[in-house]
1. At 37 °C and 0.692 mPa s, grab the translational diffusion coefficient of segment 376-468 from Stokes-Einstein with a Kirkwood Rh over Cα pairs, rounded to a whole number in µm² per second.
2. Could you tell me the relative contact order of the chain? Use alpha-carbon pairs under 8 Å, at least six residues apart, and round to a whole percent.
3. How large is the dipole of segment 201-262 about the Cα centre if only Lys and Arg carry +1 and Asp and Glu carry -1, each at its Cβ, rounded to the nearest 20 debye?
4. Normalising by the residue count of segment 3-129, find the relative contact order in percent from Cα pairs under 8 Å and 6+ residues apart.
5. Ranked highest first by average number of other Cβ atoms within 10 Å, how do 74-80, 335-341, 54-60, 125-131 line up?
6. Give me a comma-separated list of calculated 3J(HN,Hα) values for segment 439-450, in order, Karplus coefficients 6.51, -1.76, 1.60 applied at θ = phi - 60°, integers in Hz, x for any Gly or Pro.
7. Return a whole-number percent for the relative contact order of segment 295-376, with Cα pairs under 8 Å and 6 or more residues apart as the contact set.
8. Can you give the local net charge around Phe312? Use residues other than it whose beta-carbon is closer than 13 angstrom to its beta-carbon, Lys and Arg +1, Asp and Glu -1.
Amino acid sequence: MSAPESVVHVAFLPSAGMGHLNPCLRIAALFLRHGCKVTLITPKPTVSTAESNLISRFCSSFTHQVTQIDLNLTTVDPTTVNTNDPFWLQYETIRRSVHLVAPILSSLSTPLTAFIYDVFLISPLLPITQKLSCPRYIYFTSASRMLSFFAHLSVLTASDPTSQPHPSSFIRDVVKIPGIASPIPRSSLPPPLLQPNSLFESMFMEDSGKLAKLDGVFINSFEELEGEALAALNQGKVVKGLPPVYGVGPIMACEFENEEQGQRGCMGSILEWLDGKSEGSVVYVSLGSRTETRREQIKDMALGLIESGYSFLWVVKLKVVDKEEEEGLEDVLGSELMNKVKEKGVVVKEFVDQMGILGHPSVGGFVSHGGWNSVIESVWEGVPILTWPQGGDQKITSEAVRINGVGIWPQEWGWGSEHVVKWKEIADRIKEMMGNESLRVKAEEMKKAARNAAGVGGSCEVIVKKLIDEWKKNVQAT
Ligand code: UDP
């Protein structure tokens, strides 16, 4: 049976964490706006409450166009998984549960036109999606620079003569990627990639060479921001035989992400406080949805923010997962410092509406871990960034930020967990970010480019329309 001409039906399967769920739902919303029907397969239970809340809001916003189906995860004995991180445990659990996806796909009443799933599911889903008669895509949750590295890893692996190659042994000082002018230093690579037999290493090594078997890769980036890497990927310079990489960015926040009035928690008072500040005068600090701030760092962070002289809005995460009980910030800072902090800033521990904050005119700079969604959100609002990588791909995304001139990255700070960055350095760098006029001009230029790319007739719309047309033609031909 072929789909009726008008029904383009796209299934989505995200993995764990807001950094993976947000782009998935935003891409899904993109296709919904173009009249497609969406099936959202949601791994359950989610790791964080923020994820389950967002899924509910998405589904209730598109009741007629979206069908949501639970993927009830197989129970995995955590002692069989080489990680302490709840999100990595979930990635592995989803990977081990993908056999449950086949019956879900075959039970769909409307034939599928395309299947788009998370980057961390490439290898396990291949045998399942090979049996589908529709194209399959992944969405990549980081920068095109990171995708170039990920794709090129298969070439590096092939050059290692040992039967069990490990990046820690075959990657030397820098990785030179064809088509990309600035090489990636070994010190910028995700640390677990250099740990033999870590989950991260196994997944990257297993999946890199399989990119070629997909029909395409969606990425939250665009020509003006990462033109060099996107071109290198699409012209076969990085690796020959890669499928098209669709720079559909900036894929932006949607209506469904907004909490209803009355359920906005601390956001009401945050926005009210921001309303009372002058334009561009507030520093927003958030090191992502998954990074617990080290207790040893918190005092210097507080002192650095106070010393900077700027007002600040500081989101402190004291636990990796938002479902766990937390101690109070005052217990960590002590009451004297806590009172000083409150004189200049607002400190919250809750999950906030980051887009609402970045879009507020009072916010003039963002101290960020460099998570790619956060970077793109900041670019969208023209807010300069000071990146402080905490782990994973965040040094490579910080390189992308620095190369494009939309932010600064004090490399000497190292990884967040490496050593305590002293308050004076933090204050100096915040002053540099907030006072740097050329940074502000560049961020403003990139904001304009971002808005053009996402606007009517922009690159995102062109790509999506073209794809939908191709899909429709393919369906008619079958
Ligand atoms: N986010 C948010 N509120 C928070 C923390 C994070 O809305 O309090 C969102 C943020 O806007 C982004 C995503 O969660 O869309 C985090 O993704 P990112 O790639 O920036 O970093 P990660 O948290 O995955 O490391």
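1. 223
2. After rounding, I find 16 percent.
3. Using only the charged Cβ atoms, the result is roughly 620 debye.
4. RCO, segment 3-129: 35 percent.
5. Order by mean packing, descending: 54-60, 125-131, 335-341, 74-80.
6. Using θ = phi - 60°, the values come out as 5, 5, 5, 5, 4, 5, 4, 5, 4, 4, 4, 4 Hz.
7. It rounds to 33 percent for segment 295-376.
8. Taking every other residue near Phe312 into account, the sum is +3.
Throughout, read-outs are computed from the coordinates displayed, never taken from laboratory work. Quick caveat: nothing in here was measured; it's all calculated off a predicted structure. Every residue, glycine as well, gets a Cβ built from its backbone with ideal geometry; the counts of neighbours run over all protein chains shown.
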